[in-house]
Amino acid sequence: MLYHKIFLCSNLNSVLQTLQFQILFKCSYSISSELTSEQQGGVGATVGVRALASVPSLPPAVAEFVQRAVDECKPAGVHVVTGTPEESSNILAGLEKEGMVKRLPKYQNCWLARTDPKDVARVESKTVIVTKNQRDTIPIPAGGAKSQLGNWMSETDWMTARKERFPGCMAGRTMYVIPFSMGPVGSALTKYGVQVTDSPYVVASMGIMTRMGTPVLNKLAEGVEFVRCQHSLGRPLPLTAPLVNSWPCNPDKVIISHLPDTRQIMSFGSGYGGNSLLGKKCFALRIASRIAKDEGWLAEHMLILGITNPQGVKRYVAAAFPSACGKTNLAMMKPSLPGWKVECVGDDIAWMKFDSQGKLRAINPENGFFGVAPGTSDRTNPYAMSTIAKNTVFTNVGETSDGGVWWEGLDPPPASVTLTDWHGKTWTKGSSTPCAHPNSRFCAPAAQCPIIDPQWESEEGVPIDAIIFGGRRPEGESASADTVFIFSFKSLFILR
């Protein structure tokens with residue numbers, strides 16, 4: 001259940017500035033190589049790895065960033081990602097060969113990954129913001145209490161943590177260089193990033209969640225600014241201990257660090273979700289919030305949808321809810337009222353800026369949906385179910401014996417079909433543990449959504465007419481108290 005609140009101010013800028021404070025914390029060139037498959041880290045052998053000496057052929061600023069990462073992490077080779085379909089196929093084939101993903105024959109180009117049980121979600125307790133002064137990151141509570149608005153780390157402590165983790169962390173593996181765009185390439189609202197990683201799973205997922213590859217590299221060659229993202233699984237080769245589920249990670253050393261002053265993200269030890277797909281929460285909310293503060297715009301944890309009434313009048317609405325509060329279901333709503341239509345621009349993040357005419361405009365900086373699977377069904381979200389029927393990477397969901405996926409909330413499979421849980425063990429109804437992990441995910445291209453808005457990639461963004469604010473209700477409160485507040489630029493609607 002949800003509770004909802006509204007910020008009522010005489011000036012919309014005051015509302016947005018309040019939100020800004022609250023959310024502040026919140027290519028491949030197939031060059032032959034003499035390296036062996038083991039030296040390349042297995043998957044690298046499938047896609048082609050360039051020699052380290054060729055890194056300077058990248059745009060100068062990118063080459064400098066990559067070379068510093070190479071010097072620190074000591075990979076066996078470097079692969080600069082182009083984002084072509086052929087490259088994506090090779091990456092997935094390599095992951096399948098290594099046992100990290102499994103093809104799902106029931107669907108078109110869909111895959112299942114099972115992670116180490118210790119690497120299943122974002123780790124907020126190990127997510128830090130690094131600034132010179134603590135007050136630049138979070139309020140300092142009185143009496144030594146712990147802040148509830150994030151974790152600050154001093155520059156000295158962070159340097160110590162870095163030196164304990166990153167030197168030599170990619171030995172024996174391939175370093176993938178991912179040029180990516182948050183937002184349509186060329187849009188004035190778009191920002192760019194370069195992520196280096198030793199995880200091919202991250203490459204496959206970033207290819208869905210961002211615009212990735214050569215078009216972005218060409219933009220970087222023009223000298224645009226970019227956020228520097230460095231990620232490592234923290235399991236150099238040769239391994240000193242066996243992997244669980246063929247999933248490399250180092251849960252005892254996880255740290256996800258953000259350096260807003262220098263526009264850097266450095267993540268270590270986790271290969272999962274927002275810990276490793278650094279374009280998501282790390283860039284699109286945390287670092288982008290700082291960039292937005294400096295430049296005069298907003299990076300918010302909001303869905304964006306378009307609503308058209310029976311008279312054909314269309315309005316765009318943004319809605320702010322925390323994770324797992326139903327943003328995806330609302331963004332893909334199927335109206336029960338005759339004549340109404342809802343179209344999805346984005347289900348998680350909105351970047352908003354006033355245009356020259358004073359109109360608030362927004363883009364969805366992401367290129368895909370990274371949604372929670374359990375609870376998603378034809379009953380709760382039929383459009384999401386259509387979206388994930390092809391070209392999707394599923395993580396930690398259950399598997400059916402006929403080559404499909406299953407999770408809590410879906411109808412039971414036919415009696416002739418058996419289930420395997422996210423641990424890879426046989427599962428039956430009544431088992432003491434869930435078939436799918438509660439935070440299991442689907443990663444699917446947004447363009448596949450049957451109700452994707454025609455303007456979802458508009459370079460100028462869609463005009464926002466109202467903002468909804470909400471959150472999770474405490475357990476035990478009466479549902480009769482539910483109220484939804486919608487802040488409109490013209491009026492306030494209260495729905496009961």
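The values are calculated or read from the model by the stated rules, or taken from the named source; none is laboratory data. Quantities reported herein were computed from a predicted structural model and do not represent experimental measurements. Virtual Cβ from ideal backbone geometry, glycine too; neighbours counted across all protein chains shown. Just the protein is used for accessible areas: all its heavy atoms, side chains included, with ligands, DNA and RNA removed. Shrake-Rupley method; radii C 1.70, N 1.55, O 1.52, S 1.80 Å.
Against the conditions (1) outside any loop (DSSP other than H, G, I, E, B); (2) under 26 Å from residue 248 (Cβ atoms), where does residue 117 fall short? Just the number, please.
The failed condition is (1).
Scan (1) out of contact with any helix residue (DSSP H, G or I) (no Cβ under 7 Å at 6 or more places or on another chain); (2) closer than 23 Å to residue 456 by Cβ; (3) among the polar types (S, T, N, Q); (4) open to solvent by less than 10 Å² (accessible area, probe 1.4 Å) for the single condition residue 210 breaks and write down its number.
Among (1) out of contact with any helix residue (DSSP H, G or I) (no Cβ under 7 Å at 6 or more places or on another chain); (2) closer than 23 Å to residue 456 by Cβ; (3) among the polar types (S, T, N, Q); (4) open to solvent by less than 10 Å² (accessible area, probe 1.4 Å), the lone unmet condition for residue 210 is (1).
Please enumerate the residues belonging to the range 386-405 that are open to solvent by less than 40 Å² (accessible area, probe 1.4 Å) and not small (Gly, Ala, Ser).
Result: 387, 388, 392, 393, 394, 395, 396, 397, 399, 400, 405.
Count, please, the residues in the range 250-271 that happen to be outside any strand (DSSP E or B), in contact with a helix residue (DSSP H, G or I) (Cβ under 9 Å, 6 or more places away or on another chain) and over 19 Å from residue 65 (Cα atoms).
Selection size over the range 250-271: 6.
Within the range 46-64, which residues are out of contact with any Phe, Trp or Tyr (no Cβ under 8 Å at 6 or more places or on another chain), hydrophobic (A, V, I, L, M, F, W, C) and at pLDDT 95 or above?
63
If I ask for residues that are among the small types (Gly, Ala, Ser) and under 19 Å from residue 274 (Cα atoms), which ones from the range 437-449 would you list?
440, 444, 446
Among the listed residues 343, 295, which satisfies the condition of being surrounded by fewer than 17 Cβ atoms within 10 Å (Cβ to Cβ) and modelled with pLDDT of 95 or more?
After ruling out the rest, the residue left standing is 295.
Of the residues 133, 109, only one is polar (S, T, N, Q), within 29 Å of residue 345 (Cβ to Cβ) and open to solvent by 40 Å² or more (accessible area, probe 1.4 Å); which?
None of the other options fit; the residue is 109.
Specify which of the listed residues (5, 106, 97) is at pLDDT below 95 and either part of a helix (DSSP H, G or I) or over 30 Å from residue 192 (Cβ atoms) (or both).
5
Given the conditions (1) assigned to a loop (DSSP other than H, G, I, E, B); (2) surrounded by fewer than 20 Cβ atoms within 10 Å (Cβ to Cβ); (3) not hydrophobic (A, V, I, L, M, F, W, C), report the number of the one that residue 235 does not fulfil.
In the conditions (1) assigned to a loop (DSSP other than H, G, I, E, B); (2) surrounded by fewer than 20 Cβ atoms within 10 Å (Cβ to Cβ); (3) not hydrophobic (A, V, I, L, M, F, W, C), residue 235 misses (2) alone.
Just give me the residues in the range 290-323 being assigned to a strand (DSSP E or B), among the aliphatic types (A, V, I, L, M) and within 15 Å of residue 350 (Cβ to Cβ), in sequence order.
Across the range 290-323, the qualifying residues are 298, 299, 302, 303, 304, 305, 317, 318, 319, 320.
Regarding the range 215-223, can at least one residue be identified that is of a type in the set (S, T, N, Q) and more than 14 Å from residue 58 (Cβ to Cβ)?
Within the range 215-223, none of the residues are of a type in the set (S, T, N, Q) and more than 14 Å from residue 58 (Cβ to Cβ).
Residues that are over 18 Å from the mean Cα position of the chain (by Cα), at least 1 per element: which helices (runs of 4 or more DSSP H) completely within the range 120-227 meet that?
155-165, 214-220
In the range 238-259, what count of residues is obtained for those that are open to solvent by 10 Å² or more (accessible area, probe 1.4 Å) and closer than 12 Å to residue 123 by Cα?
5
Out of 262, 190, I need the residue that is among the hydroxyl-bearing types (Ser, Thr, Tyr), at pLDDT 95 or above and buried (at least 16 other Cβ atoms within 10 Å of the Cβ). Which one?
So the residue among 262, 190 that is among the hydroxyl-bearing types (Ser, Thr, Tyr), at pLDDT 95 or above and buried (at least 16 other Cβ atoms within 10 Å of the Cβ) is 190.
Against the condition out of contact with any Pro (no Cβ under 7 Å at 6 or more places or on another chain), over 21 Å from residue 106 (Cβ atoms), open to solvent by less than 50 Å² (accessible area, probe 1.4 Å) and outside the structural domain of residue 180 (by the TED database), how does residue 362 come out, does it pass?
Considered against the rule, which asks whether it is out of contact with any Pro (no Cβ under 7 Å at 6 or more places or on another chain), over 21 Å from residue 106 (Cβ atoms), open to solvent by less than 50 Å² (accessible area, probe 1.4 Å) and outside the structural domain of residue 180 (by the TED database), residue 362 comes out as yes.
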